[in-house]
Every structure is written in structure tokens, then in C-alpha cells.
1. Quick one: in region 11-52, which of the residues that are among the small types (G, A, S) and within 10 Å of the chain's Cα centre (by Cα) is surrounded by the fewest Cβ atoms within 10 Å (Cβ to Cβ)?
2. Looking at E108, E36, E101, E52, which one is in contact with a Gly (Cβ under 7 Å, 6 or more places away or on another chain) and either farther than 17 Å from A17 by Cα or among the basic types (K, R) (or both)?
3. Output yes when any residue across region 32-45 is in contact with an Asp or Glu (Cβ under 6 Å, 6 or more places away or on another chain) and free of Cβ contacts under 8 Å to residues at least 60 places away in the same chain, and no when none is.
4. Between a residue in region 1-15 that is at pLDDT below 75 and any residue that is part of a loop (DSSP other than H, G, I, E, B), which pairs come within a Cβ distance under 7 Å, given they are 6 or more apart or on different chains?
5. Output the residues belonging to region 84-122 that are of a type in the set (S, T, N, Q), within 12 Å of L31 (Cα to Cα) and in contact (Cβ under 8 Å) with a residue 40 or more places away in the chain.
6. Hey, does region 7-22 have a residue that's under 13 Å from E120 (Cα atoms) and β-branched (V, I, T)?
7. How many residues does region 92-114 hold that are surrounded by fewer than 19 Cβ atoms within 10 Å (Cβ to Cβ) and either among the small types (G, A, S) or within 21 Å of L38 (Cα to Cα) (or both)?
8. Only one of F90, F44 is touching a strand residue (DSSP E or B) at 6+ places or on another chain (Cβ under 8 Å) and among the aromatic types (F, W, Y). Can you tell me which?
Amino acid sequence: MEFVAAAEHALKIAKIAAQAAYDKKAENIVLLDVSEHLVITDIFLIASADNERQVIAIVDAIEAALDEIDVDPLRREGNREGRWVLLDYFDIVVHVQQDEERSLYDLERLWSDCPQIPVELV
């Protein structure tokens with residue numbers, strides 16, 4: 001396992017968000033520790049969905065789960081199209097993408113020098 005430099009608070013938020021995404025049937029959930037490469041955030045959470053409705057359902061579930069611990073996004077982008085929604089929580093940035101966008105933009109390849117954070121989803 002690679003060293004994870006992300007702050008403990010960011011890890012906590014990311015794991016709650018990942019579980020919420022998983023509970024709404026998000027696919028291929030990946031947490032990347034970008035803290036050594038970016039000053040603006042610690043973790044990228046990337047998840048896929050088959051269609052627009054599922055993307056929106058996953059995003060809504062993540063927002064609801066984090067709202068329960070009084071964590072609100074600074075901004076939400078891409079909501080109208082439902083193809084790629086970005087939630088910026090400062091410590092983490094969530095990307096929920098339809099499969100086509102995920103393949104096209106391949107964020108994991110772009111950030112391949114960043115360690116993946118293991119997360120156990122149940």
C-alpha cells in the first residue's frame with residue numbers, strides 16, 4: 001500500500017461519500033490522494049453511472065450523506081446535463097460521470113502518479 005498524505009478529515013469525508021455512492025449503485029469508485037500534487041484539495045473521488053438519472057441520484061445521495069455531518073459543497077457543477085457532475089467540498093472533489101465521459105477523460109490516467117486510497121464499501 002502506498003503512503004497516503006491526505007488529511008484525516010478529508011479521508012473521513014471521502015469514505016462517507018464513497019459509501020453513499022456505492023449505496024446508489026455507483027460503479028468503479030476510486031479515491032485518489034492528490035494532496036501531494038494539488039494545493040486546493042486532498043482527494044478526488046471518481047465514480048461512474050450508466051445514465052443521467054443515476055448520476056443525479058448518486059450526487060444527491062452524496063450530498064445528503066455529507067449534509068448529515070454538516071459538510072456542504074462549495075460548488076456543484078454539471079448538474080443540468082447529468083453526464084459529469086462535480087462536487088467541490090474543498091478537502092475532497094467528487095466526480096460522478098457517465099461511463100462514456102469516464103472513458104473519454106480518464107481522470108485516473110491523468111492522475112496516475114497519485115496513490116489510490118483503499119476503501120472498504122459494504
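The values are calculated or read from the model by the stated rules, or taken from the named source; none is laboratory data. Everything numeric here is computed off the predicted structure, so don't read it as measured data. With ideal geometry, Cβ positions are generated from the backbone for all residues, glycine too; neighbour counts draw on all protein chains shown.
1. S48
2. The match here is E52.
3. Within region 32-45, one or more residues are in contact with an Asp or Glu (Cβ under 6 Å, 6 or more places away or on another chain) and free of Cβ contacts under 8 Å to residues at least 60 places away in the same chain.
4. Close Cβ pairs (under 7 Å, with a partner that is part of a loop (DSSP other than H, G, I, E, B)) amount to M1/P118; E2/P115; F3/P115; V4/P115; V4/I117; A5/S35; A5/E36.
5. Q116
6. Yes, some residue in region 7-22 is under 13 Å from E120 (Cα atoms) and β-branched (V, I, T).
7. 10
8. Criteria check complete, one pass: F44.
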